[in-house]
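Working notes, structure below.
The values are calculated or read from the model by the stated rules, or taken from the named source; none is laboratory data. Just so you know, these numbers come straight off a predicted model, no measurement behind them. Cβ placement follows ideal geometry from the backbone for every residue including glycine, while neighbour counts extend to all protein chains displayed.
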């Protein structure tokens with residue numbers, strides 16, 4: 001029996017039906033699971049990343065973090081108006097090839113068998129494998145064989161393992177050299193007030209996820225955690241907590257101020 005989920009007026013005696021209460025519990029558990037997604041010894045990552053549902057039409061099983069190309073929308077407005085309006089879109093996804101590199105890129109967030117539907121990242125931070133030709137490269141671009149390092153490109157490399165050849169990296173989709181906000185790393189140094197901290201800002205990670213003084217561009221900068229994350233994260237932010245951040249300038253009395261706003265907490269030693 002489907003839950004009715006009726007609202008209760010102030011002062012009304014409250015005796016929730018079992019279906020309503022169970023639906024509430026399911027929603028609460030799902031919400032908490034998203035806030036406390038801790039597994040394999042890694043700290044939780046809280047992200048404002050954008051994902052999309054895809055169907056694997058590559059003709060073979062795909063590994064987690066494989067790059068894919070979004071092809072057709074499986075159900076269009078003309079196919080089924082109600083489905084198009086009320087359900088998340090699902091795209092057909094194929095492997096990169098010379099004739100489709102101009103289409104939207106996404107990176108799988110889970111292993112996906114041929115013909116099955118899963119999640120892929122369109123914008124945000126994700127691990128990926130990159131063919132590194134030069135350790136000085138800070139960007140990656142897509143080729144028919146996968147992601148390759150470059151001096152500029154559609155993906156910003158936030159960190160990569162040392163050396164050349166195929167390496168694991170952490171990349172930002174939407175972090176191209178041609179536009180968009182510049183992603184930095186904030187290391188929390190002190191708590192100021194509710195949702196407000198001082199941080200040191202770094203341009204990149206060194207091997208082993210260490211932060212080098214040579215890469216520090218600001219000391220004692222102000223970081224504000226989004227209201228959305230306040231209840232979930234504020235009590236767990238301590239000195240040494242690290243975030244990927246973008247700079248947002250504010251005009252305030254006494255002069256302009258820049259706040260570094262985190263979009264993903266990074267769980268690292």
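Tell me, yes or no, whether region 57-65 has at least one residue that is on the phi < 0 side of the Ramachandran plot, modelled with pLDDT of 85 or more, part of a strand (DSSP E or B) and surrounded by 14 or more Cβ atoms within 10 Å (Cβ to Cβ).
For region 57-65, residues on the phi < 0 side of the Ramachandran plot, modelled with pLDDT of 85 or more, part of a strand (DSSP E or B) and surrounded by 14 or more Cβ atoms within 10 Å (Cβ to Cβ): present.
Just need a number here: residues in region 115-148 that are more than 17 Å from residue 69 (Cβ to Cβ), in a strand (DSSP E or B) and modelled with pLDDT under 95.
Within region 115-148, residues that are more than 17 Å from residue 69 (Cβ to Cβ), in a strand (DSSP E or B) and modelled with pLDDT under 95 number 4.
For region 227-266, what are the residues that are at pLDDT below 75, in contact with a strand residue (DSSP E or B) (Cβ under 7 Å, 6 or more places away or on another chain) and farther than 17 Å from residue 202 by Cβ?
Within region 227-266, 233, 248, 249, 250, 256, 257 meet the criteria.
Hey, can you tell me all the residues within region 191-207 that are in a loop (DSSP other than H, G, I, E, B) and within 21 Å of the chain's Cα centre (by Cα)?
Across region 191-207, the qualifying residues are 195, 203, 204, 205.
Inspect region 87-96 for any residue being within 30 Å of residue 246 (Cβ to Cβ), part of a loop (DSSP other than H, G, I, E, B) and free of Cβ contacts under 8 Å to residues at least 40 places away in the same chain and give the result as yes or no.
yes
Name the residue that is farthest from residue 170 (Cα to Cα), counting only residues in region 102-114 that are touching a strand residue (DSSP E or B) at 6+ places or on another chain (Cβ under 6 Å) and part of a loop (DSSP other than H, G, I, E, B).
114
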